[in-house]
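Reviewing the structure listed below.
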Amino acid sequence: MKAYLKNIRQVVPYTPGEQPKQPGIIKLNTNENPYPPSPKVMEKLCQIDRLRMYPDPAVTELVEAIADYKGLSKDQVFVGVGSDDVLAMCFMTFFNSGLPILFPDITYSFYDVWAELFRVPFQTVPLDQDFKIVPEDYKRPNGGIIIANPNAPTGIFMPLDEVESIIAANQEVIVIVDEAYVDFGGTSAQCLLARYDNLIVVQTFSKSRSMAGMRIGYAMGSSVLIKALNDVKYSFNSYTMNQPSIVLGKASIEDDSYFKNTCESIKKTREWVKKELRELGFRFPDSKTNFIFAAHESVPAEDIFLAAKKENIFIRYFKKPRIDNYLRITIGTDEEMKKFIQFLKNYLDER
Ligand code: PMP
């Protein structure tokens, strides 16, 4: 064995959902928004210039647009390359006590990958039998906490008073609330920022703003925590945000009615899909996101996943303890969901 091999960092990477490219598929596997970004974003796209030059390392235009929109000051907002980048920066910046950080056993499967990568010790905390987070279980010594609210892939939203009880009981450490899906029916913990300086709230343009391809995420927190994040970012790569993302992110923020309308459309479709799935024998926790995490009463999830794939319908299946009989189904357009439900009807009839 070559001596250098033992000094190479070994990590088991996060596995993103498939990105099949063939035309005509129904893609319900990576929680993308089925609608395009605001027309105002697309207009601006044609006017992008300044590509010759480095982008603004402080991302000022977009930081200010987000801060104004959220009613925060600009030193309370940090922008990164998707919330994955923001969360990774948070792990690096805030979780250095040596004590294990806590997160649910079933949650976004990137958390344990970052913990391993940055050598942050961690303990997973089991969700209850209904896949709910139990706040009491987070009241013990730890090096920090991260929860997704709504949680993924369950889709369950934890009421803010329960989120607050976790933050209040852990004021010696940083608590991160990952709100990637909050715009589809949850309530943001942003309102708790004024009372808790140990709180970081992370959101993204990837889902509710239809901009997964632009890679824009952001953190909101006290100016002290935001400065700490910026210091780490500038020590790593000053120009994380490319010029088009800065300009187009701002254009998206400026078109609030389009944003609200598309979120409403997705919520409406989701409620209709819930009804259809129930009639077909599926059960699922009540989703407040743009996906539904469903198990069938008699047919194994993996069989449905494979049969759907044969019909060019992509949904997500995780072969993991506790959730290996569930499917995560992203809410597409009405037309896509009608086709998906028709597929399920045919498939379940024929079995
Ligand atoms: N948090 C959660 C819970 C997610 O499901 C995702 C999407 N994979 C992300 C964060 C990251 O999203 P993005 O990097 O596109 O903002």
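If only residues of the stretch 183-195 that are at negative phi, open to solvent by 10 Å² or more (accessible area, probe 1.4 Å) and not basic (Lys, Arg) are counted, the one that is farthest from the ligand (Cβ to nearest atom) is 194. Among the residues making up the stretch 156-192, those that are in a loop (DSSP other than H, G, I, E, B), free of Cβ contacts under 8 Å to residues at least 40 places away in the same chain and in contact with a strand residue (DSSP E or B) (Cβ under 9 Å, 6 or more places away or on another chain) are 158, 170, 179, 188. Considering the conditions (1) touching a residue at least 60 places away in the same chain (Cβ under 8 Å); (2) within 21 Å of residue 248 (Cα to Cα), residue 49 is excluded by exactly one of them, (1). Within the stretch 335-351, residues that are more than 15 Å from residue 300 (Cα to Cα) have Cβ atoms under 8 Å from residues that are open to solvent by 100 Å² or more (accessible area, probe 1.4 Å) in these pairs: 343/311, counting only partners at least 6 apart in sequence or on another chain. The set of residues in the stretch 326-343 that are under 22 Å from the mean Cα position of the chain (by Cα) and over 17 Å from residue 267 (Cα atoms) comprises 326, 327. Cβ separations smaller than 6 Å between residues 6+ apart or across chains give the following pairs from the stretch 80-95 residues that are of a type outside the set (Lys, Arg) to residues that are open to solvent by 30 Å² or more (accessible area, probe 1.4 Å) and near the ligand (Cβ under 8 Å from one of its atoms): 81/215; 82/215.
Sort out which residues of the stretch 107-116 are out of contact with any Leu (no Cβ under 9 Å at 6 or more places or on another chain), within 16 Å of the ligand (Cβ to nearest atom) and part of a helix (DSSP H, G or I), and write them in order of number. Before the answer, list the steps.
First, the residues of the stretch 107-116 that are out of contact with any Leu (no Cβ under 9 Å at 6 or more places or on another chain): 109, 112-113, 115-116.
Checking the rest, the ones that are also within 16 Å of the ligand (Cβ to nearest atom) come to 109, 112-113, 115.
Answer for the stretch 107-116, where residues must be out of contact with any Leu (no Cβ under 9 Å at 6 or more places or on another chain), within 16 Å of the ligand (Cβ to nearest atom) and part of a helix (DSSP H, G or I): 112, 113, 115.
Kindly indicate the residue of the stretch 279-313 that is within 21 Å of residue 151 (Cα to Cα) and out of contact with any Phe, Trp or Tyr (no Cβ under 6 Å at 6 or more places or on another chain) and also surrounded by the most Cβ atoms within 10 Å (Cβ to Cβ) among those meeting that condition. In this case the residue turns out to be 291. When the stretch 74-106 is limited to residues that are part of a loop (DSSP other than H, G, I, E, B) and β-branched (Val, Ile, Thr), the one that is farthest from the ligand (Cβ to nearest atom) turns out to be 106.
Consider the stretch 98-149 and keep the residues that are aromatic (Phe, Trp, Tyr) and touching a helix residue (DSSP H, G or I) at 6+ places or on another chain (Cβ under 9 Å). The one that is surrounded by the most Cβ atoms within 10 Å (Cβ to Cβ) is 103.
Residues that are in a helix (DSSP H, G or I) and either touching a helix residue (DSSP H, G or I) at 6+ places or on another chain (Cβ under 7 Å) or within 16 Å of the ligand (Cβ to nearest atom) (or both) do occur in the stretch 32-41. Is there a residue being open to solvent by 30 Å² or more (accessible area, probe 1.4 Å), without any contact (Cβ under 8 Å) to a residue 40 or more places away in the chain, more than 16 Å from the ligand (Cβ to nearest atom) and not in a loop (DSSP other than H, G, I, E, B) anywhere in the stretch 10-27? Checked against the condition, which is being open to solvent by 30 Å² or more (accessible area, probe 1.4 Å), without any contact (Cβ under 8 Å) to a residue 40 or more places away in the chain, more than 16 Å from the ligand (Cβ to nearest atom) and not in a loop (DSSP other than H, G, I, E, B), the stretch 10-27 yields no hits at all. Any residue at all in the stretch 314-323 that's under 18 Å from residue 279 (Cα atoms), surrounded by fewer than 18 Cβ atoms within 10 Å (Cβ to Cβ) and without any contact (Cβ under 8 Å) to a residue 24 or more places away in the chain? No, because not a single residue in the stretch 314-323 is under 18 Å from residue 279 (Cα atoms), surrounded by fewer than 18 Cβ atoms within 10 Å (Cβ to Cβ) and without any contact (Cβ under 8 Å) to a residue 24 or more places away in the chain.
Residue count for the stretch 213-245 satisfying the condition of being in contact with a helix residue (DSSP H, G or I) (Cβ under 8 Å, 6 or more places away or on another chain) and within 24 Å of residue 257 (Cα to Cα): 9. Inspect all residues belonging to the stretch 42-65 and state whether any of them is open to solvent by less than 50 Å² (accessible area, probe 1.4 Å), within 16 Å of the ligand (Cβ to nearest atom), more than 20 Å from residue 237 (Cα to Cα) and not hydroxyl-bearing (Ser, Thr, Tyr). No, every residue in the stretch 42-65 fails to be open to solvent by less than 50 Å² (accessible area, probe 1.4 Å), within 16 Å of the ligand (Cβ to nearest atom), more than 20 Å from residue 237 (Cα to Cα) and not hydroxyl-bearing (Ser, Thr, Tyr).
Here residue 249 meets each of (1) in contact (Cβ under 8 Å) with a residue 60 or more places away in the chain; (2) touching a Ser or Thr at 6+ places or on another chain (Cβ under 8 Å); (3) open to solvent by less than 20 Å² (accessible area, probe 1.4 Å) with one exception, condition (2).
The values are calculated or read from the model by the stated rules, or taken from the named source; none is laboratory data. Small disclaimer: the values here were computed from a predicted structure and weren't measured. Here Cβ is always computed from backbone atoms with ideal geometry, including for glycine, and neighbour counts include all displayed protein chains. Calculation scope for accessible area: heavy atoms of the full protein, side chains included, ligands and nucleic acids excluded. Shrake-Rupley method; radii C 1.70, N 1.55, O 1.52, S 1.80 Å.
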